[in-house]
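K.L.:
Okay, here's the structure, questions in a sec.
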Amino acid sequence: MQVQAKKCQSGMLQVLQQRTRVPTSFLTYPSHSCSRSSKGCNIACHPKPTAKFICSSLATSTPASAVPAPVPPPAQPASGPLSTSVQAPGINFNTIANTGAAKAAMPEWKSLLGGVLAGAYISFGCFLSLSVGGSIPGIATSNPGLQKLIMAMLFPVNLMMVTLCGAELYTGNTAVVSVAMFEGKAKVSHALRGLFYSFIGNWIGCFGIAAAVAATGLMAANPLPSAVAVAKTSLDPQTAFVRAILCNWLVCLAVWMASSATSLPGKVMGLWPPVVAFFAIGLEHSIANMFIISLGIMLGAKVTFVQLWTSNLLPVTLGNTVAGVLCVALPYALLYGTLGQRLQRPSSA
């Protein structure tokens, strides 16, 4: 029986070495038992460290290739919802409605101060575009389309500052507060009050930066501000009105797209293309015109401030307002808001 146990022990050592690929010096056998009536032996094998291999019989042992690999536990689902860089249109609509409600509820002095900042930021973008555009007369003569594109690519830095830093821009607010109004989150009187004070603030900011730019002397030899001021105040009122509608349609879409993004690159990518488009096309933006025409007048353009308001700002502001309310806010209120739900017929039973 001792001989049989030694044979069993030796054979088992070979099997365990094949299965575990552990050197024989690491395999120990603290106990074994064999009997005449048993068909094999029971050996408890302890390779270092503590994993146990229980082998019932040398004759009936399973080949190493037939032993299934251990199955890892299933991965636990990530806690919380999956993050996304863009909100769905319906969710973004609710975000804009809440933003509009907050803007309408602002006290007058905050709307005015935010408007001053927005006017200054818009003026900085115009200043940049006019500075570069007026410094490339060769391109302006040989390829005026390229000059317009270069200026347009630089211009959106102003709306980026308005959006990311926080300011009250009249043109974008026409859509945002209108959404809050349609959703019943803002009173009409509060919305109109906020728009009024933001518009006045925009004028103060644009006029102040125009005066500062004229005082620097940096634009004294630049012909663009004066030429643009004359061209804009010479537009037919109907033409200016239609151009203003198309312009602020694009501007409000830029604000809408930037709102849908949840990351800084997404917001920049959302607002940049529509603003480049309206500037390159040559559409009319009331707040940008406040700066450009005022600067042109200060630099000697044959235009008066009365002409600035009657020939340009009045029709352009009306067109910008129509675009924000009727071309952007109203359609999306019908698509995603309670306004559309109220107009929808109840389904028949």
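Derivation of every value follows stated rules applied to the coordinates shown; laboratory data play no part. A quick note: this is a predicted structure, and the numbers were derived from the prediction, not measured. In this analysis, Cβ positions are derived from the backbone assuming ideal geometry, glycine residues included, and neighbour counts consider all displayed protein chains.
K.L.:
Rounded, prolate or oblate: which fits segment 294-333 when a ≥ b ≥ c are the square roots of the eigenvalues of the alpha-carbon gyration tensor, with rounded for a/c under 1.5 and prolate only if a/b beats b/c? Mind showing how you got there, number by number?
P.N.:
Details: a/c = 6.64, a/b = 3.46, b/c = 1.92.
Prolate, because a/c is 1.5 or more and a/b exceeds b/c.
K.L.:
In the neighborhood of PHE182, defined by Cβ-to-Cβ distances under 15 Å, what is the net charge if each Lys or Arg adds +1 and each Asp or Glu adds -1?
P.N.:
+3
K.L.:
Here is a follow-up. To one decimal place, what orientation-averaged projected area in nm² is obtained for the convex hull of the Cα set of segment 197-275?
P.N.:
In nm², the orientation-averaged hull projection of segment 197-275 is 7.4.
K.L.:
How large is the charge dipole for segment 89-341, taken about the Cα centre, if only the Cβ atoms of Lys, Arg (+1) and Asp, Glu (-1) carry charge, to the nearest 20 debye? Intermediate results must be reported in sequence, preceding the final value.
P.N.:
Details: 10 positive and 5 negative charges, 19 e Å.
With only Lys, Arg, Asp and Glu charged at Cβ, the dipole is about 100 debye.
K.L.:
Next up: Gap in Å between the Cα centre of segment 197-256 and the Cα centre of segment 145-186?
P.N.:
14 Å
K.L.:
Next question. What ranking do SER294, SER131 get, fewest neighbouring Cβ atoms within 10 angstrom at the top?
P.N.:
Ordered by Cβ neighbours within 10 Å, fewest first: SER131, SER294.
K.L.:
Please say if segment 89-341 is rounded, prolate or oblate, where rounded means a/c under 1.5 for a ≥ b ≥ c the square roots of the C-alpha gyration tensor eigenvalues, and otherwise the choice is prolate for a/b larger than b/c and oblate otherwise?
P.N.:
Prolate, since a/c reaches 1.5 and a/b exceeds b/c.
K.L.:
Ok, one more. Return the Cα extents of segment 124-252 along principal axes one, two and three, sorted largest first, each rounded to a whole Å.
P.N.:
The Cα atoms of segment 124-252 stretch 54, 31, 27 Å along the principal axes, largest first.
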